[in-house]
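Colleague: Below is the structure I would like to discuss, written out as structure tokens.
The values are calculated or read from the model by the stated rules, or taken from the named source; none is laboratory data. Quantities reported herein were computed from a predicted structural model and do not represent experimental measurements. Cβ: placed from backbone, ideal geometry, glycine included. Neighbour counts: every protein chain shown.
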Amino acid sequence: MSVTKNQMVELFIEGITSEGNGVGRYQGQAIFVPLTAPGERVQVQIAKVAKQYAYGILRQVLEPAACRIEQDCPVYRSCGGCQLRHITYEEELRQKQQMVADCFARIGKITAEMLPILPSPQTEHYRNKVQFPVQEDSQGKPQIGFFAPRSHRLVAAQNCLLQPTLLNEIAQYCCVLMEKYHIPAYNEQTHKGLVRHIYLRQGYHSGQVLLCLVINGTNLPSGSKFCAGIQQKFPEVCSIVLNINQQKTNVITGTKSVCLVGKEYIQDNMCEVPVQIGPLSFYQVNTPAAEQLYHVAADFAQLKPTDVLLDLYCGMGTIGLSMYHQCKQLIGVEVIPEAVESAWNNAKAMNAENVRFLCADAGTAATQLAKEGLQPSVIVLDPPRKGCDEATLNAVVEMAPERIVMISCNPATAARDVAILCGKGYVAQKIQAADLFPRTKHIETIVQLSRV
């Protein structure tokens with residue numbers, strides 16, 4: 001018998017799903033409940049009913065789990081940015097390790113060696129990228145926060161614990177200056193107002209900060225005074241950029257940027273690779289944890305001085321360039337032109353020779369390289385959450401590298417793609433989960449495959 005909406009039920013929470021929700025069963029039906037922990041008994045109000053499952057809202061913890069901890073963020077229940085802040089970090093790691101293991105066993109039918117999960121060196125204030133929506137409060141003053149899950153209702157939040165204190169303070173001061181100089185916040189309903197998002201990036205090693213205002217216009221009123229006020233209070237801000245987005249869209253940034261102060265990018269380094277980070281650059285948000293991940297990837301690659309390395313979905317080229325000195329030649333492929341330009345600049349700054357970057361879809365480029373007879377010794381795959389397409393996987397198999405290193409932010413699609421490769425002449429040898437996103441549901445996975 002199915003539960004009904006608004007029904008109150010008592011559940012024992014058995015585990016946590018890949019979405020960060022606790023899961024229990026009521027008369028055989030799975031009930032997913034946010035903010036619950038494995039091993040506890042809870043009272044839940046049913047919020048949504050589907051044919052095979054339902055979603056519930058936690059109303060009372062009847063018997064708390066040993067891993068439950070006090071919430072240290074006043075907007076945790078409503079913000080939606082963190083999913084696992086109510087349990088210890090040790091339990092979070094255990095659950096994430098289990099998520100990855102379950103995906104590879106259930107989806108991929110893979111029986112490779114599962115290495116212990118890599119914890120993040122930092123669990124708080126680790127994000128080098130901050131994006132605050134801006135709206136006016138009930139008194140007409142600009143405020144920052146985050147959109148509640150599955151909505152565009154702003155939850156005011158000035159001190160996010162995932163973000164560096166400095167970046168939180170800069171964003172707050174932007175609101176002060178907006179009010180001082182009568183710069184209006186954007187209104188989604190009317191498509192009026194100016195500042196849509198306050199977007200910040202910080203170099204973990206350099207300390208440099210880029211401030212980007214995403215605006216519904218082409219210029220910033222009192223722009224010189226605004227910039228002077230920011231730099232006077234925060235000398236770490238060495239770049240201030242306007243990003244133009246006048247579309248009625250949920251996409252945060254537009255395609256055009258105008259630099260007001262400094263350059264359109266800041267500088268940092270990742271595993272000794274110099275990088276230029278602009279508003280539109282893809283860059284791992286947790287630098288020290290990403291450096292751990294890259295070291296594992298290099299260990300899995302087992303490169304030799306005679307090897308050719310092909311880096312598909314290479315972004316700014318940081319993964320491939322971090323291994324550049326270990327091989328004979330590096331070829332990177334990326335579909336975003338700005339990222340390819342950054343990759344070339346990074347390689348130039350390293351004085352890297354025998355490096356080639358192609359601007360193309362990974363599947364198209366891999367197919368063409370295979371037709372050219374390229375025989376890379378190692379291929380690194382770092383696809384988006386949807387995973388690799390069929391053309392990419394077929395071309396990888398055709399090039400027959402000795403080893404493949406798969407890096408993925410989605411263990412489900414990674415397990416699917418690894419299973420395909422294992423059906424075409426490869427064997428998965430090692431799986432390593434790495435936590436780049438503490439207190440959230442997300443987890444990174446690295447897989448080593450060898451040709452049979």
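Colleague: Of the residues that make up the stretch 68-75, is at least one outside any helix (DSSP H, G or I) and either hydroxyl-bearing (Ser, Thr, Tyr) or under 18 Å from Arg150 (Cβ atoms) (or both)?
Modeller: Scanning the stretch 68-75, I find at least one residue that is outside any helix (DSSP H, G or I) and either hydroxyl-bearing (Ser, Thr, Tyr) or under 18 Å from Arg150 (Cβ atoms) (or both), so the answer is yes.
Colleague: Being of a type outside the set (A, V, I, L, M, F, W, C), closer than 20 Å to Ile215 by Cα and under 21 Å from the mean Cα position of the chain (by Cα): is that true of Lys192 here?
Modeller: no
Colleague: Tell me, which residue of the stretch 88-125 that is part of a strand (DSSP E or B) and under 21 Å from the mean Cα position of the chain (by Cα) is nearest to Val33 (Cα to Cα)?
Modeller: Ile117
Colleague: For the stretch 418-445, how many residues are part of a helix (DSSP H, G or I) and either under 20 Å from Leu293 (Cβ atoms) or among the aliphatic types (A, V, I, L, M) (or both)?
Modeller: Number of matching residues: 4.
Colleague: Please determine, by comparing only the residues of the stretch 53-70 that are within 30 Å of the chain's Cα centre (by Cα) and loosely packed, with under 13 Cβ neighbours inside 10 Å, which one is modelled with the lowest pLDDT.
Modeller: The extreme case among them is Glu70.
Colleague: List, please: which pairs have Cβ atoms under 7 Å, are six or more places apart or on different chains, and start with a residue in the stretch 3-19 that is assigned by TED's automatic domain parsing to the domain that holds Pro64 and end with one that is among the acidic types (Asp, Glu) and in a loop (DSSP other than H, G, I, E, B)?
Modeller: Listed pairs, sorted by first residue: Ile13/Glu40.
Colleague: Regarding Leu167, is this residue in the same structural domain as Gly229 (by TED's automatic domain parsing) and modelled with pLDDT of 95 or more?
Modeller: Judged against the criteria, Leu167 is a match.
Colleague: Could you run through the stretch 261-297 and say how many residues are farther than 18 Å from Asn128 by Cβ and surrounded by 17 or more Cβ atoms within 10 Å (Cβ to Cβ)?
Modeller: Qualifying residue count for the region: 3.
Colleague: Can you pull out the helices (runs of 4 or more DSSP H) entirely within the stretch 290-391 that have at least 3 residues that are of a type in the set (D, E, K, R)?
Modeller: 337-349
Colleague: Test Ile57 against the stated conditions and say whether it is touching a residue at least 24 places away in the same chain (Cβ under 8 Å) and either assigned by TED's automatic domain parsing to the domain that holds Ala428 or outside any strand (DSSP E or B) (or both).
Modeller: no
Colleague: If you scan the stretch 60-110, which residues turn out to be farther than 30 Å from His152 by Cβ, free of Cβ contacts under 8 Å to residues at least 12 places away in the same chain and of a type outside the set (D, E, K, R)?
Modeller: Ala105
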